[in-house]
Every structure is written in structure tokens, then in C-alpha cells.
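Undergrad: Here it is: the structure, laid out below.
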Amino acid sequence: MSIRKSAIVIMGASGDLAHRKLIPAIVKLYEEGIIEKNCSVLGNGRSEFSDETFRDKIGLTAPYRNMFHYHQGMEGLYDKVLSMGKFDQIIVFMALPPRVYGSTAEQLHKQGFRDNVRLIIEKPFGTDLKTARELNIKLKQYYSEKQIYRIDHYLAKESIQNILVFRFANNIFYPVWNNGFIESIQISAFEELGVESRGDYFDSSGIIRDMIQNHLFQLLALLTMEAPVSLKPEEIRLQKMAILKALEIKECKIKQYEGYQKEPKIPSDSETETYAEMKLEINNFRWTGVPIYIRTGKAVGEKMTTIAITLKKVPRLLFNENDELEKNKILIQIQPDSSIIIDHSTKIPGTDRDITTTDMDFCYSSSYEGNVPEAYQKLLHDALKGDQTLFVSAEETELSWEKIEPFLDMGNPGLYRRGRIPQSDLDADWVDMSKYSSACH
Ligand code: NDP
């Protein structure tokens, strides 16, 4: 689908996100022929740049250099867009400190950004239910829900989009995807790094706000929702909402890595959690009785996001009755590699009935050569097309905050050693991921 003639306005163009993610994504969209030279990009911020010094700062070379412009401040911003050409649509990406999202939307509207505008809003969307609601109310004063694109960059990862295809395009999984066959679901999302240079942001947030309220709840909703009647964004959102409504957090434990309080920009008495684990249940016909475990943490030694689905035992063991038969597992690796492993039992050749566990695996990068688009490339492309599927609705954000609210800022976290996955305080029998060599060699 060709993209209509568009202007992309980046608010906060001198910032880290613009530099590391957005501008490279725009360049890639251009290189792949998705946007053409008739699209223009306007950087904005309080800092002073001319078009030329801005292009130099972000390291642009020909042929796309001339597509990029800069305007300082809000005054005259809309007129500057008009002066760059006649556009069918304007995409405004708010790569700004979250506290100014609402007031910036107001100023944009005042300047003339109205009906042909789509606003992309970065995370975090609020810091609790109250602030998320206030922000939604403020944004809706000026823009309709159809114009608001709330980013959850996790949703744009290929392996996460593949969850819906895996579930709804393969009839082998559909019959077992329920409490009759599934024993438990575990989601682990680990970071190797600590807070690095973003200590001030992280300390006011914590891992529950940073990872669970948005990314992991969205991931869980896609994994467990009913099939939507179509792939229209509103139909998918409806099903995700039904899961969020039925979600109950039964337990939550938090920890902090040793040395966190000595990191740059972290108060020496900070009680912010850098690791959290939860036991959840989805109270509906499909999932009641299936424990769902989520754990996520920084500085735990490796970068890895995995979903492990353990199936119940077969009703009767016919084979080696003395052996403990491994339960079937489905492992969906989101990062660093995107892969799916299905763990199942097979007979050991040469024995009468001895059984072992083997894997059937699929690896994205070895199965598909070529380009897997980066999350921001995909999200920008979708916003340019007007596709809201991978963006989060106002209701979803508020419902997620409502569920997580009692577990925010719990304080008094336990400690764990940097570089190690903390010992779990839940009754979860965590699947040992190190047993599975990556499907991607
Ligand atoms: P930065 O602080 O690096 O940049 C934000 C830019 O916004 C600055 O360059 C600044 O430009 C402008 N700005 C700062 N304060 C104000 C203000 N009070 N009013 C108007 N403009 C201001 O932030 P990031 O680029 O890291 O993040 C931007 C947004 O993206 C944040 O909401 C963050 O949570 C989110 N995000 C960032 C990620 C990342 O990897 N960096 C990842 C995921 C989300 P100037 O001084 O020129 O006005």
C-alpha cells in the first residue's frame, strides 16, 4: 500500500529516542521505498538548530538529507509544515518527556494541527490510573481516539505479531489452548543491563510500570484472548480488553539488585523495584484454574524474553511407568532470537519403550532471510497507513493501570545479586530455559 504524501513531525528531535530509533526508522522506510522524497520530516524542540545544523547533528547524508528540516519552539510550527509542501496527512511523534504530552497536544491544536493529524505518543502513558485518565481526557479534548496512537513497541516485534498467526492459523493448537490441556503459562522478560544512563527515569517508575503494566500485559492478552471476528484493530482491542477485565493479580513479589542505590542518578535510599514476579489468573471459562506467572528484571545476567506454556500430563502413562514423563511444552522466544520450540516425547531408538524429550523448532532468522523490520519502523509505517492494530487504546491503558495499581510502589524490596536470575518467592516451577539450546544457531 503506497503511503500518501506525509509530513512527519518529531517533537523532541534532539533527544535519545529520536536519534537512536526514530530517525534511523524513517531513513529505512525511505531506503525501502515505503516513503518517498515527497514526504518531509520536521524536527522540533526548544534547542536551536538550523535545517543544516540539525542535519549535521543527526548525521544525515544524501540522498535523504534534504527531506529533514528543523523548527525551534511551538510558535509557527504549523506554518513551517505548510511551507514545506502540501501534505495529505501529518504524523506527529511525541518523543518528549511524558509530563508534557498533554500540554503539547493542546499547543499543537492551537497552532493548527487538526483533522489530518495523527499523534503518536510514547510510553509511559501515565504513571498510575489517575494520571493515565487525566492524559486521556486531555488528549480527547483536542483529538479523537482514531487520531491517537499510543505506542507499545513490544507489539511491533515480529515474534509477538506471530503469536496471533501461531494461534489462529494453525488448527493443531486451537483445541488445546485452554484450561483442559494447559497446566501453566510463564512469561519471563529479562534484561542483562541495569539502569545505565536512564536512572532518573527508571527510579521514578520501577519495573512494574516499565514492563508489566504495558508490554507484558499486552503480550499476555494476545496469548490468551479469544479469536477476534476480524483483524480490524477495534476487534482485536475488544478481545484484549476482555482478558484485561478478567485478569486478577493474586501475588506480587519485588526485589532490587545489589548496588542499584549506587548507580548514577539513583537516591541512596531508593526502594524502587528492579525485579518483579507475579502470579495471575484469568477468570473466564477458558483460563480459570491455570496459573500464569510473570517475572521481569534488570541486571539478571541475560537479555531474554520467553513464554513457556506447559501442558498437562497425558491421562494415562502406557509406557515406562517408573519414569516421570516430561510434560509437553511450547516455548515462544521473543528475544534475543525469535523462535518457537515444541517439546515432546519420543522413543529412544534401540530400547523397548524408553522415552526421551525432543524439540521441534522454528527459528525466524534462519527460516526467513532478509529484512525483519525494527519495531519503530513497523510502528511508523502503520501510523502512516492509519493502522492502529499495534497501538494501545485508551480503555486498555486505563484497565491495565487499574489492575496494577495496588502493586505500585510497594517498597521494601528484597535484594538479588547482579547478573543472576533471582530466586523465586512464588510457588512457580519455572521452566529452566538454559536446558533449551536456541533454535537459532
Ligand atoms: P530525552 O530526554 O533524550 O529527549 C527528549 C527531548 O524532548 C529533548 O531532546 C528535549 O529537546 C525535549 N524536551 C525536554 N524537556 C522538554 C520540555 N519540558 N518541554 C518540551 N520539550 C522538552 O528523552 P528520550 O528521547 O529518551 O525519550 C523521549 C520519550 O520517549 C520519553 O517519553 C521516553 O519515556 C520515551 N521512550 C524513550 C526510549 C529511549 O530508548 N530513549 C525508549 C522508550 C520510550 P529540547 O531540549 O530541544 O526541547
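Undergrad: Just to be sure I understand the model, the point goes 7 Å from the Cα along the line to the Cβ. What's the resulting Lys265 to Asn38 distance in nm?
TA: Reported label-point gap for Lys265 and Asn38 is 4.2 nm.
Undergrad: Okay, next question. Need the C-alpha centroid separation for the stretch 3-34 versus the stretch 288-311, integer Å.
TA: Computed from Cα coordinates, the inter-centre distance equals 33 Å.
Undergrad: Here's another thing I want to ask about it. Among the chymotrypsin sites (Phe, Trp or Tyr not before Pro) within the stretch 334-441, which fall in a DSSP loop and have no more than 16 other Cβ atoms within 10 Å of their own Cβ?
TA: Qualifying residues, ordered by number: Tyr368, Trp430.
Undergrad: Where in the stretch 124-157 does the label zone of Glu395 land, with the point 7 angstrom along Cα→C-beta and an amide N cut-off under 17 Å?
TA: 133, 136-137, 140, 144-150
Undergrad: Also, I was wondering about something else. In the stretch 117-268, how many lysine pairs have Cα atoms under 20 Å apart, counting only pairs 8 or more places apart or on different chains?
TA: Pairs that pass both the separation and distance tests number 16.
Undergrad: Label points 7 Å out from Cα along the Cβ direction at Asn284 and Lys232: separation in nm?
TA: Between Asn284 and Lys232, the label points sit 1.9 nm apart.
Undergrad: Within 10 Å of each candidate Cβ there may be at most 14 other Cβ atoms; applying that plus a DSSP loop requirement, which GluC sites (Glu not before Pro) in the stretch 353-427 survive?
TA: Sites meeting the loop and neighbour criteria: Glu369.
Undergrad: Here is a follow-up. Expressed in nm to one decimal, what extension gain is obtained for the pair Phe319 and Glu48 from 0.36 nm per residue of sequence separation less their Cα-Cα distance?
TA: Between Phe319 and Glu48, full extension yields 90.1 nm more.
Undergrad: Rounded to the nearest Å, what's the spacing between the alpha carbon centres of the stretch 40-55 and the stretch 154-211? Just the number, please.
TA: The distance from the Cα centre of the stretch 40-55 to that of the stretch 154-211 comes to 36 Å.
Undergrad: If you check each cysteine of the chain for another cysteine whose beta-carbon is under 4.7 Å away, which ones come up empty?
TA: Unpaired cysteines in the chain: Cys39, Cys252.
Undergrad: Name all residues of the stretch 187-213 having a backbone nitrogen under 17 Å from the label point set 7 Å from the Cα of Ser424 along its Cα→Cβ direction, giving them as ranges.
TA: Of the residues in the stretch 187-213, 187-191 have backbone N under 17 Å from the label point off Ser424.
Undergrad: What is the total of Lys pairs in the stretch 279-409 with C-alpha atoms under 29 Å apart, excluding same-chain pairs fewer than 8 positions apart?
TA: For the stretch 279-409, qualifying lysine pairs total 26.
Undergrad: Another question, if that's okay. Which FRET efficiency value, to the nearest 0.05, do you get for Asn66 and Tyr368 by plugging their Cβ-Cβ distance into 1/(1 + (r/R0)^6) with R0 = 25 Å?
TA: Step by step, r from the Cβ atoms, then E = 0.15.
Undergrad: Helix-derived [θ] at 222 nm for the chain: sum -39500 (n - 2.57) over DSSP H runs of at least 4, divide by residue count, nearest 500?
TA: After summing the helix terms and dividing by the residues of the chain, the value is -7500 deg cm²/dmol.
Undergrad: Distance between the C-alpha centers of the stretch 81-146 and the stretch 332-364? Whole Å please.
TA: 47 Å
Undergrad: Next question, about the same structure. How much length would be gained if the chain were fully extended between Asn171 and Gln335, taking 0.36 nm per residue of separation minus their Cα-Cα distance, in nm to one decimal? Present the calculation step by step, with values, prior to reporting the outcome.
TA: Numbers: separation 164, 0.36 × 164 = 59.04 nm, distance 2.55 nm.
Extending this stretch completely gives an extra 56.5 nm.
Undergrad: What's the exposure ranking of Leu155, Leu317, going from fewest to most Cβ atoms within 10 Å?
TA: Leu317, Leu155
Values quoted throughout were computed directly from the atomic coordinates according to the rules given, and no laboratory measurement underlies them. The structure presented is a predicted model; accordingly, all values stated were derived computationally and were not measured. Cβ: placed from backbone, ideal geometry, glycine included. Neighbour counts: every protein chain shown.
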